[in-house]
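Report on the structure given below.
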Amino acid sequence: QLQLVESGGGLVQPGGSLRLSCAASGFTLDYYAIGWFRQAPGKEREGVSCISSYDGSTYYADSVKGRFTISRDNAKNTVYLQMSSLKPEDNTIYSCAAPNYYSACPIPADPMAHWGKGTLVTVSS
C-alpha cells in the first residue's frame, strides 16, 4: 500500500526557511503526482503546490508563488517543498497527498486517495 510520511516542520521566524519532505513507501513515487496541502484549524484545506509525474510540471498557489519550490528526488522516493520568506499566514499544518490514478497537476484535494498525517509549520517571532 502507498504510504506517505511528511517531515521537516518546525518553528521558524518570519522571513525564514524550511524544507518539508514527503517520503513514500510501498510504491515508486515517481509514477505519482504529489500535491502539498495546508489546513489551519477551522479552515478549509488549501492546495499549496503540486508536481506531476509524467512531465514534471509544477503548480503553485498564488499565495506561495516565488517563495515555495516543489521538487522530486526519485532515488530517495521523496518529494520536497522548499519554503522561503515564510509569513505568519503560512503558519499551519502541511500534508502531502497522491491520487489513486494518473493525473497531472494541479489536482484538488477531493480526488486525492493517499494522505500523510501532516507536519506542523509554525511561523512566529
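Key figures for this structure:
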{"item": "Residues of the stretch 9-25 that turn out to be open to solvent by 60 Å² or more (accessible area, probe 1.4 Å) and in a loop (DSSP other than H, G, I, E, B), as a count", "result": "3"}
{"item": "Matching entry among LYS87, LYS76, LYS65, LYS117 (being open to solvent by 60 Å² or more (accessible area, probe 1.4 Å), modelled with pLDDT of 95 or more, within 21 Å of GLN1 (Cβ to Cβ) and not polar (S, T, N, Q))", "result": "LYS117"}
{"item": "Which listed residue is free of Cβ contacts under 8 Å to residues at least 60 places away in the same chain and either among the polar types (S, T, N, Q) or out of contact with any Cys (no Cβ under 7 Å at 6 or more places or on another chain) (or both), from GLY9, GLY16, GLY26", "result": "GLY26"}
{"item": "Strands (runs of 3 or more DSSP E) contained entirely in the stretch 64-119, each with at least 1 residues that are among the β-branched types (Val, Ile, Thr)", "result": "68-73, 78-83, 92-99"}
{"item": "Exclusive hit being on the phi > 0 side of the Ramachandran plot and in contact with a strand residue (DSSP E or B) (Cβ under 7 Å, 6 or more places away or on another chain), set ASN77, ASN91", "result": "ASN77"}
{"item": "Residue check for ALA109: open to solvent by less than 50 Å² (accessible area, probe 1.4 Å) and not β-branched (Val, Ile, Thr)", "result": "yes"}
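The values are calculated or read from the model by the stated rules, or taken from the named source; none is laboratory data. Note that the structure is predicted; figures quoted are calculated from it, not measured. Using ideal geometry, Cβ is built from the backbone for each residue, glycine included, and neighbour counts are taken over all protein chains shown. Protein only, heavy atoms only, side chains kept; ligands, DNA and RNA dropped before computing areas. Shrake-Rupley method; radii C 1.70, N 1.55, O 1.52, S 1.80 Å.
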